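> The structure's right below; bear with me while I get my questions together.
Bear in mind that the values in this text are calculations on the coordinates, not laboratory data. Everything quoted here is computed from the prediction, not taken from an experiment. When we count neighbours, we look across all protein chains shown, and the Cβ atoms used for this are built from the backbone with ideal geometry, even at glycine.
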Amino acid sequence: MMNLLDPNNSSCYNHPMIKNTNKKPIRVAELFAGVGGFRIGLEGYPSKNSNYITVWNNQWEPATKKQHASEVYISRFGPEGHSNVDIAKVLTKDIPKHDLLVGGFPCQDYSVARTLSKADGIIGKKGVLWWEIHRILKEKGKDAPSYLMLENVDRLLKSPASQRGRDFAMIISSLNDLDYIVEWRVINAAEYGMPQRRRRTFIMGYKKGTSIYKKISNLKEPSDWIKKNGVISFAFPIITNKEIPKEFKIIGDLPKVSETFNKETPEKSLFSNTGIAINRKIYTIESKPNYDGERIYIKDILITDEKKVPPEFYIDKKDLDKWTYLKGAKNEKRTLKDGFTFFYTEGSMIFPDSINGPSRTIITGEGGPTPSRFKHVVKTKSGKLRRLMPIELERLCMFPDNHTMGQPDTKRAFFMGNALVVGVIEKLGKALIKQI
């Protein structure tokens, strides 16, 4: 196993070059950029992968004056091509031409609010950032990017609870309508050897006219693409147990989809964890990971020299009972302010966390000394209990060491709670190059 703690290794992973058969690198535009997870995964950092170059990026955090993530992004990659304004206020003409659009867009209600009777377009709910992606792609027209690489939470496939799968149906239908073939997979990074259990929905899109679009269109069995021949299946092989894909068609314009999709069985999503959408025709199967390679665990990313851990990361003995209570099982009577009484139950969590496996999903509230059920706590060789430091959280997301240095520790933890696992993007980027 590679030594992640090697002081000469400024990145958690080296990014070996893939021979670029294209004359020019793929130009990337990065939306909702955070601290640059997509960029690191595609380009490498600090070494460069010649296949990708980020020509424009946008990061803007609403309801806060100080733009911490934007500051980190600029400090690591420079100000060129960086946009720190509300994406809804960015004019499409100001976004340079690019080949690949990437972004981890926020999970929101994707329903359509209304259509304009005298306009050829759909007006989505204000503030729903998916419709900004849709706007950019539509307004770019013939200059729209050839490829898409998007990320969202795993529950996207079954939201909202009142009409399961509608939100995802809205997204893939709108992309199909813009002449993209779309494939998706729910990927748990830890199931492919990465150090964090983080389940996310990854969406790849291929524009009509591209070589990949043509490859898929010429397949006798479109499901072969998602089982073994496609971009995601090359990067993350699967087992499908010879399952026959479920097929169905999404009918109606987007307002109609928003209003009627899956009204018959709203309690169950029609989408499995793997699938492809071609002209509104859906092929979807339930798959399992097929991986038997190297694995990285919490113990591999820890700073083991206790002298290098600042005192504030150790658990104060006076707080230990609180930590133990929050991590433990509960079956207790509780009363709300209005007098309503109920029994609250929840299971116990391993405390401290085992270091002989991948971490749980990092949350945005991982930082700070306040006792919490969801923060990670490990036991040192001397028997002390401590929280994870920002550099260790970065390693669990496969970012370069101290990528977020210069920001408060709570913010650094927040960034990683919002981030993706960089190794997933690196694998998808290599697989996309192979198919192109």
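> Where the only charges are on Cβ atoms (+1 Lys, Arg; -1 Asp, Glu), what is the dipole of region 231-290 about its Cα centre, to the nearest 20 debye?
In total the dipole reaches around 140 debye.
> Take the Cα radius of gyration of region 123-191 and divide it by 2.2 N^0.38 Å, with N its residue count; two decimals is plenty.
Against the empirical 2.2 N^0.38 Å value, I get 1.20 for region 123-191.
> Return the aspartates and glutamates within reach of LYS93: Cα separation strictly under 14 angstrom, same-chain partners fewer than 8 residues apart disregarded; answer none if there are no such residues.
GLU132, GLU139, ASP143
> Could you give the length gained by full extension between THR345 and GLN67, i.e. 0.36 nm per residue of separation minus their alpha carbon distance, to one decimal place?
Roughly 96.2 nm would be gained on extension.
> Cβ under 11 Å from PRO266's Cβ, PRO266 left aside: what net charge do those residues give with Lys, Arg +1 and Asp, Glu -1?
Net charge around PRO266: +3.
> Cut-off is 10 Å between beta-carbons; in what order do THR324, THR274, THR54 appear when sorted fewest neighbours first?
Ordered from fewest to most neighbouring Cβ atoms within 10 Å, THR324, THR274, THR54 come out as THR324, THR54, THR274.
> With the dipole of the chain worked out from charges on the C-beta (+1 for Lys and Arg, -1 for Asp and Glu) around the Cα centre, which of PHE32, VAL182, PRO289 lies farthest toward the positive end?
Among PHE32, VAL182, PRO289, the one farthest towards the positive end of the dipole of the chain is VAL182.
> Along its three principal axes, how long is the chain when you only count alpha carbons? Whole Å, largest extent first please.
So the extents along the principal axes, rounded to whole Å, are 65, 60, 50.
> What does the charge count around PRO390 come to, taking other residues whose C-beta lies under 14 Å from its C-beta (Lys +1, Arg +1, Asp -1, Glu -1)?
+1
> Work from the charge dipole of the chain (Cβ charges, +1 for Lys and Arg, -1 for Asp and Glu, about the Cα centre) and give the residue of ILE425, ILE53, ALA277 farthest towards its positive end.
Result: ALA277, furthest along the dipole toward the positive end.
> Same structure again: So what J values fall out for region 189-198 if you push phi through Karplus, 6.51 cos²θ - 1.76 cosθ + 1.60 with θ = phi - 60°, rounded to Hz, Gly and Pro as x?
4, 5, 6, 10, x, 8, x, 9, 7, 9
> Just to confirm the number: angle between the C-alpha axis of helix 68-77 and the first principal axis of the chain, 0 to 90 degrees, nearest 10?
So the inclination is approximately 80 degrees.
> What ratio of Cα Rg to 2.2 N^0.38 Å holds for region 309-418?
That works out to 1.21 for region 309-418.
> Still on this structure, please answer the following. On a 0 to 90 degree scale, rounded to 10, what angle separates helix 130-140 from the longest Cα axis of the chain?
40
> Let me ask something else. Taking the number of other C-beta atoms within 10 Å as the exposure measure, put ILE239, ILE296 in order starting with the fewest.
ILE239, ILE296
> With the chain treated as a Gaussian network of Cα nodes joined by springs under 10 Å, which of LEU385, LEU302, LEU219 yields the largest mean-square fluctuation?
Result: LEU219 has the largest fluctuation of those listed.
> Among the lysines, which fall within straight-line cross-link reach of LYS381, defined as a Cα-Cα distance under 22 Å, with same-chain neighbours fewer than 8 residues apart omitted?
Output for LYS381: LYS299, LYS307, LYS308, LYS317, LYS318, LYS327.
> Assuming 0.36 nm per residue, please report the length gained on full extension of the stretch LYS317 to GLU267 beyond their Cα-Cα distance.
13.4 nm is the gain from fully extending LYS317 to GLU267.
> Please figure out what share of the DSSP beta bridges in the chain is antiparallel and state it in percent, rounded to the nearest 5.
Bridges in the chain that DSSP calls antiparallel: roughly 70 percent.
> Summing -39500 (n - 2.57) over the DSSP H runs of n ≥ 4 in the chain and dividing by its residue number, what mean residue ellipticity at 222 nm do you reach, to the nearest 500 deg cm²/dmol?
-6500 deg cm²/dmol
> Just tell me which lysines come within less than 22 Å, Cα to Cα, of LYS288; anything on the same chain fewer than 8 places away is out.
Partners found: LYS158, LYS227, LYS228, LYS242, LYS246, LYS268, LYS427, LYS430.
> Hey, another quick one. Compute, for region 163-298, the length of the dipole vector about the Cα centre, with Cβ point charges of +1 (Lys, Arg) and -1 (Asp, Glu) only. Units Debye, rounded to 20.
In total the dipole reaches around 100 debye.
> At what distance in nm do the modelled label points of LYS308 and THR324 sit from each other, each positioned 7 Å from its Cα along Cα→Cβ?
The answer from the label model is 3.2 nm.
> Go through VAL90, LEU101, THR64 and say which Cα lies farthest out towards the positive end of the charge dipole of the chain; charges sit on Cβ, +1 for Lys and Arg, -1 for Asp and Glu.
Value computed over the given set: LEU101.
> Averaging sequence separations of C-alpha pairs under 8 Å and six or more residues apart, then dividing by the length of region 373-436, give the relative contact order as a whole percent.
It comes to 23 percent, rounded to a whole number.
> Please arrange ILE172, ILE95 by counting, for each residue, the other beta carbons lying within 10 Å of its beta carbon, fewest first.
The most exposed by this proxy come first: ILE95, ILE172.
> Among 130-143, 336-349, how do they line up by average Cβ neighbours within 10 Å per residue, starting with the highest?
Most protected by this proxy first, the peptides run 130-143, 336-349.
> So if I place +1 on the C-beta of Lys and Arg and -1 on the C-beta of Asp and Glu, and nothing else carries charge, what would the dipole magnitude of the chain be about its Cα centre? I want it in debye, nearest 20.
420
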